[in-house]
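A quick write-up on the structure given underneath.
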Amino acid sequence: MNRVRAFALFWWDFIVGDDYRLALGVVLLLGLTAGLAHVGVALWWLPPLGVLSLLALSVAEAAWRQRRSAGRLRPD
């Protein structure tokens with residue numbers, strides 16, 4: 001059972017990684033694209049644009065956190 005658990009934890013860490021919101025965003029993008037493709041709408045450009053948007057949001061949030069934490073550590 002330890003091997004099964006280790007295998008599951010490996011895939012969780014590999015897919016989700018550090019930020020579950022990025023993984024969830026990618027899954028939602030793929031689901032939306034698949035659903036719209038099923039009804040005949042060609043949105044092949046949506047996943048790359050969505051992933052780039054998610055990446056930009058993630059980098060902006062990391063920069064914001066970095067600036068916020070740097071501001072707290074300044075000596076008075």
Residue within segment 50-58 that is part of a helix (DSSP H, G or I) and more than 12 Å from the chain's Cα centre (by Cα) present: no
Filter result (loosely packed, with under 13 Cβ neighbours inside 10 Å and of a type in the set (Val, Ile, Thr)) within segment 33-55: 39, 41
Residue that is modelled with the highest pLDDT, among those in segment 1-25 that are acidic (Asp, Glu) and under 18 Å from residue 53 (Cα atoms): 19
Residue pairs meeting the criteria (Cβ under 9 Å; at least 6 apart or on separate chains; first closer than 16 Å to residue 24 by Cβ, in segment 38-58; second charged (D, E, K, R) and surrounded by fewer than 10 Cβ atoms within 10 Å (Cβ to Cβ)): none
Residue among 4, 26 that alone is in contact with a helix residue (DSSP H, G or I) (Cβ under 9 Å, 6 or more places away or on another chain), of a type in the set (Val, Ile, Thr) and part of a helix (DSSP H, G or I): 26
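The values are calculated or read from the model by the stated rules, or taken from the named source; none is laboratory data. On a predicted model such as this, the values are computed, not experimentally measured, just so you know. Every residue, glycine as well, gets a Cβ built from its backbone with ideal geometry; the counts of neighbours run over all protein chains shown.
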